[in-house]
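To start, the structure under review is shown below, and the notes come after it.
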Amino acid sequence: MLRIFLAAALFAAALSGQTLPDFYQSVSRLTWVVKDADAVAAGWRRAGVPVVRNGEVLRLEGRTYKGKPLSSDIYVATGVFGALMVDWVQPIGKEGAFADFLARHGEGVFSLVHRVPDSAALEAEIARLKLAGVDVLDRARLQTDSGAIHIVYMDTERPGKYSLGLIAMPSGLDEPSGMGRPVNQFAFIAQKLEPVSAFWQKLGFPAMSYTEPKLTDMAYKDKPQEWKARLGWQRHGKVVYEWIEPHTGPSTYHDHLAKYGEGFHHLGLPVSDMDAAIAEWKGFGHPPSMAGGWGEKGKPGSGRFAYHDTRSMGGVEIELLWNYRAAK
């Protein structure tokens, strides 16, 4: 009995005192599961997103899914949003984390992937997360001319609304970044925010802070329409995480829940000229799905937002974000 008590005490102490590793300050890449990687990549290319790797079959070695060996390859195309790499993954076969996500959720962002320094750091982080009660869901190895790439997806998607991804790459293998449109927000939808916040806090991530913003000039599908939502915020990294708990609608949030369920909703893209940016995305064939503003117009702290329906390119929307800047 004493041994069990001491083990439980050590476990509680380890979790309460854990510090989130520094590599969580940056998201290296998104694993974005789609039905047709070539079509999705072509769509984003037309919208000005550089595609740095056309679709190809990747031969995965040593792959396991839920602890069991899995012989399965994937078809992948890769694009770049500023410093963020995006892998559009088309599953081959009906087994594995990607195929399961596509069957349950439909197209969308499955994982936010963080680059760890090396394979030793990767195994250390897996051990830390296992201590917190999270197991490996899917892992594999990809051989390159520069060495092996190790990619791991932790089993966090159902309670945490996305899979926590970890990748260890050879030090000499630096991929292109700083191209195309930068991202300043990752946004997710959940029916209730507190259980999601508690789950990530258990893994060392900060608890969410909450707001219920007062918005102006609200529109849904280009018509005046009010809606309400409660927002949660995590600011532990270079890009803010926004969590959305939809209340009254209609809204793009309710539309997403109805079609895809909980999970990743949109990428936030900063713009300097909102009207020009809206016109640009309309020209790409992606009309606004929802829009509005915050703060007192023409005053510091105010701004505008506009969602555009880009779900035809992989089940994710974009949100244009403009912040007031006083003329110099």
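The values are calculated or read from the model by the stated rules, or taken from the named source; none is laboratory data. Computed from a predicted model, the values in this text were never measured in an experiment. Don't worry about glycine lacking a Cβ; one is built from the backbone with ideal geometry, like all the others, and counts go over all protein chains shown.
Observations, loosely collected:
- The condition of being outside any strand (DSSP E or B), surrounded by 15 or more Cβ atoms within 10 Å (Cβ to Cβ) and modelled with pLDDT under 95 holds for SER177.
- The strands (runs of 3 or more DSSP E) falling completely within the range 182-287 that include 2 or more residues that are closer than 23 Å to GLY82 by Cβ and among the hydrophobic types (A, V, I, L, M, F, W, C) map to 185-189, 240-246, 263-270.
- Candidate set from the range 150-171 (those that are surrounded by fewer than 18 Cβ atoms within 10 Å (Cβ to Cβ) and out of contact with any helix residue (DSSP H, G or I) (no Cβ under 9 Å at 6 or more places or on another chain)); member that is nearest to GLY133 (Cα to Cα): ARG158
- Here GLY237 clears all of (1) loosely packed, with under 15 Cβ neighbours inside 10 Å; (2) in contact (Cβ under 8 Å) with a residue 12 or more places away in the chain except the condition numbered (1).
- Residue that is farthest from HIS254 (Cα to Cα), among those in the range 287-303 that are buried (at least 21 other Cβ atoms within 10 Å of the Cβ) and in contact with an Asp or Glu (Cβ under 8 Å, 6 or more places away or on another chain): ALA291
- Annotation: of all residues in the range 99-127 being farther than 24 Å from ALA83 by Cα and in contact with a Pro (Cβ under 8 Å, 6 or more places away or on another chain), the one that is surrounded by the fewest Cβ atoms within 10 Å (Cβ to Cβ) is ALA99.
- Test: residue in the range 234-254 that is among the small types (Gly, Ala, Ser) and in contact with a helix residue (DSSP H, G or I) (Cβ under 6 Å, 6 or more places away or on another chain): yes
- Selection within the range 188-234 - exposed (fewer than 14 other Cβ atoms within 10 Å of the Cβ), basic (Lys, Arg) and free of Cβ contacts under 8 Å to residues at least 60 places away in the same chain: LYS192, LYS223
- Entirely in the range 50-147, the strands (runs of 3 or more DSSP E) that have 3 or more residues that are more than 30 Å from ALA258 (Cα to Cα): 51-58, 61-65, 136-144
- Residues of the range 23-75 satisfying the condition of being over 24 Å from GLU319 (Cβ atoms) and under 17 Å from the mean Cα position of the chain (by Cα): PHE23
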